[in-house]
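Below is one structure, written out as structure tokens; the observations come after it.
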Amino acid sequence: MRTYYLRSFGCQMNEHDAERLRHLLEAGGLAPVGEPEAADVLVYNTCTVRESADARLAGHLSGAARLKRERPGRVVLVTGCLPQAEGVAFFARFPFVDGILGPQNVHRLPELLEAAVARTTPGDAARAPGGAGAAPGRPAFVEDGPHMSGELPGRRARPFQAWVQVMSGCTNFCSYCIVPYVRGPERSRRPEAIEAEVRDLVADGVREVTLLGQNVNAYGRDLPGPGEGGGGEAIDFPALLASLDGVDGLDRLRFVTSHPRDLSERLIAAVAELPSVCEHVHLPLQSGSDRILGAMRRGYTAEGFLDLVRRLRAAAPDVSVTTDLIAGFPGETEDDFAATLAAVEEAAFDGAFTFVYSPRRGTAAAELPGQVPEDVRRHRVARLVDLTQGLALAAHRRWVGRRAEVLVEGPSRHAGGVRGRTRQHVTVNFGGAAAAGTIVEVEITGATSTTLAGRR
Ligand code: SAH
Ligand code: SF4
Ligand code: F3S
């Protein structure tokens, strides 16, 4: 086994897990290749948040099945949220897969790989470690064992940007969402461990850190308070931001995702006041109908959400507020949907991810009456796309004629130009030379709904 191909899907948490998987594979002596055809080990790090994610993966796996038929000695592993949701039933659908591993067991990849190699090497079965559930000819899987993978190092895609996991899991159980079932309960990392990691990264050349968690605003709640289990919180998210803001040499601090229910006045103040904290908050609204928000178990009303947005914009006038929206949740009427359109317009989002509701097995919403027909869901999402693109274009146009601070990420798609991001997380393309990893001032000269254009 000399080469590996890894493909990752889903959220930033999953991308970050992919960095750790790469680190483990490379520590084991495997070299990365860009094409599955050239690889001895194929790893698919999966997402199952919506049915479309499953469908996309099935396409990639049929390619892997063909490669496996051509050379049965190849190892095919599937990691991430899909096999975690399906368990061993996964193998009934994809019998050619040699091993699976859930997101709570990323650190056990070497064990899984060893078991999977033994499986694909006839006569070598004696070497298969029992711990990974391997048996000759049978696929390998790692039994569940809660573990905090936050401490595992990863191989970063860019030397000057890094993700840092502040929490794992989610215990919110929004009624449509499968994440709590596949990622386990919400657990915060110790603040000292997070700060030490950020210091090490900055010493290693990182200028921008993005803190990751499914609900970062709940950070610290599960940590023992002062006096070991005593009253009070050890630390909360605004306090964590303040301590990281003090790390010398860290230029930009970002975080995803914020849950509106847990967004505090102090968090708003942190965005407005801490110099390294970027003026961007990703704040998923999901729906603008209070009835639907209740059925989703989101814990806020449309008016409460809009009040947060108003306070954010008042405290930090350049803040960009982006969101996630779901169209066609069970029971959603035309009136409910109209309330979503109205709330979206009122919030004047700078950007949005819009999703067709997708029933997930095991979630509460999948069992609700009044499932909305597919064509209605699709039609509504198309209307949301139209509205949110128009709002994003208007928000971006307001930057034309102003100067923006841009962290250069690399060459742009247009020959001779470079590309970077503003503090608001908007991509800027501009002409002239600037080294990746540097921060420059750019005059904004044009805007689309997704990008800005500029010159130095
Ligand atoms: N923890 C984050 C979201 C993680 S999932 C948060 O709560 O904000 C990312 C987005 O996928 C969600 O915000 C939601 O808009 C969408 N999503 C999750 N489950 C979905 C489902 N079953 N159907 C459609 N969209 C879904
Ligand atoms: Fe899913 Fe809700 Fe948790 Fe986000 S907060 S991951 S939407 S259950
Ligand atoms: Fe997908 Fe798992 Fe993230 S289901 S959205 S990769 S937590």
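The values are calculated or read from the model by the stated rules, or taken from the named source; none is laboratory data. Treat the numbers as computed from the prediction; the structure is a model and nothing was measured. Positions of Cβ are generated from backbone atoms using ideal geometry, with glycine treated the same way; all protein chains shown enter the neighbour counts.
Couple of notes before you dig in:
- Qualifying residues in region 68-83 (those that are within 16 Å of ligand 1 (Cβ to nearest atom) and farther than 14 Å from Leu112 by Cα) - the one surrounded by the most Cβ atoms within 10 Å (Cβ to Cβ): Leu82
- Qualifying residues in region 90-104 (those that are in a helix (DSSP H, G or I) and not small (Gly, Ala, Ser)) - the one surrounded by the most Cβ atoms within 10 Å (Cβ to Cβ): Pro103
- Listed by position, the helices (runs of 4 or more DSSP H) inside region 1-87 whose residues that are more than 16 Å from ligand 2 (Cβ to nearest atom), under 22 Å from the mean Cα position of the chain (by Cα) and not acidic (Asp, Glu) number at least 3 are 12-27, 51-70.
- Residue selected from region 288-340 under the condition free of Cβ contacts under 8 Å to residues at least 60 places away in the same chain and of a type in the set (Lys, Arg), by the criterion nearest to Arg397 (Cα to Cα): Arg313
- Per this entry, Asp318 is not counted among residues that are at pLDDT 95 or above and more than 22 Å from Thr257 (Cα to Cα).
- Restricting region 341-367 to residues that are in a loop (DSSP other than H, G, I, E, B) and within 12 Å of ligand 1 (Cβ to nearest atom), the residue that is nearest to Ala395 (Cα to Cα) is Tyr357.
Results for (1) crowded, with 21+ Cβ neighbours inside 10 Å; (2) farther than 19 Å from Gln165 by Cα, shown as yes or no for each residue.
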| position | (1), (2) |
| --- | --- |
| Ala203 | no, no |
| Arg207 | no, no |
| Val247 | no, no |
| Leu250 | no, no |
| Thr257 | no, no |
| Glu279 | no, yes |
| Gln286 | yes, yes |
| Leu306 | no, yes |
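- Glu192 vs. criteria in contact with a strand residue (DSSP E or B) (Cβ under 8 Å, 6 or more places away or on another chain), among the acidic types (Asp, Glu), over 29 Å from Thr48 (Cα atoms) and surrounded by fewer than 22 Cβ atoms within 10 Å (Cβ to Cβ): no
- Residues in region 153-180 that are more than 8 Å from ligand 2 (Cβ to nearest atom) and over 14 Å from the mean Cα position of the chain (by Cα): Pro153, Gly154, Arg155, Arg156, Ala157, Arg158, Pro159, Phe160, Gln161, Ser175.
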